[in-house]
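The structure under discussion appears below in the form of structure tokens.
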Amino acid sequence: MENPSREEISKILKKAKRIAVVGLSDNPTRTSYGVSKAMQDAGYEIIPVNPTISEALGKKAVASLQDVEGPIDIVNVFRRSEFLPELAAEYLQTDIPIFWTQLGVVDEKVFSALKDQGRTVIMDRCIKVEHAITK
């Protein structure tokens, strides 16, 4: 499993505008909230994808990736690794180019399967940290 280079990640983040955050919590003490808030404050539009909340960060939540209206540049996953096969299958039904999982969220089979489908995959990296390092 080899993530894109920092240079490639920088290009991805500079080009991206809308990030769908799977597992975004509406609880400000959760990591998903803090990371997504930082990305929102950096100018990205954040779309909460979580069927158990009504909204987060002032944006209406949707239940699944299929429920997101308009183009999405990155899917950022804040779910445990065991959920990645199911999420990857849902993701492949979209045209979203980047599948990104947060620190500690890894499944090498999913990584390979998505790469084999021509998708860009970034795993086990914090999008907030990468944004800070590469801007």
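The values are calculated or read from the model by the stated rules, or taken from the named source; none is laboratory data. What you are looking at is a predicted structure, and each value in this text was computed from that prediction instead of being measured. Cβ placement follows ideal geometry from the backbone for every residue including glycine, while neighbour counts extend to all protein chains displayed. In case anyone asks, the SASA skips ligands and DNA or RNA and just uses the protein heavy atoms, side chains included. Shrake-Rupley method; radii C 1.70, N 1.55, O 1.52, S 1.80 Å.
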Quick check on my filter: what residues within region 12-44 are surrounded by fewer than 16 Cβ atoms within 10 Å (Cβ to Cβ) and under 16 Å from F99 (Cβ atoms)?
K15, R18
State all residues of region 96-119 that are more than 12 Å from the chain's Cα centre (by Cα), farther than 16 Å from G23 by Cβ and either surrounded by fewer than 19 Cβ atoms within 10 Å (Cβ to Cβ) or charged (D, E, K, R) (or both); if no residue qualifies, say none.
E108, K109, S112, A113, K115, D116, Q117, G118, R119
Subset of region 49-63 [within 24 Å of K14 (Cβ to Cβ) and in contact with a helix residue (DSSP H, G or I) (Cβ under 8 Å, 6 or more places away or on another chain)]:
V49, L57
Please specify each residue of region 64-78 satisfying the condition of being out of contact with any helix residue (DSSP H, G or I) (no Cβ under 6 Å at 6 or more places or on another chain) and either farther than 15 Å from V21 by Cβ or open to solvent by 20 Å² or more (accessible area, probe 1.4 Å) (or both).
S64, Q66, D67, V68, E69, G70, P71, D73
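So that you can scan it fast, the table gives a plain yes or no per residue for (1) farther than 19 Å from T120 by Cα; (2) open to solvent by 50 Å² or more (accessible area, probe 1.4 Å); (3) touching a residue at least 12 places away in the same chain (Cβ under 8 Å):
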site	(1), (2), (3)
I46	yes, no, yes
G58	yes, yes, no
A61	yes, no, yes
R80	yes, yes, yes
P85	no, yes, yes
A88	no, no, yes
Y91	no, no, yes
Exactly one of K115, K135, K109 is of a type outside the set (A, V, I, L, M, F, W, C), at pLDDT 95 or above and within 22 Å of K11 (Cα to Cα), and that residue is K115
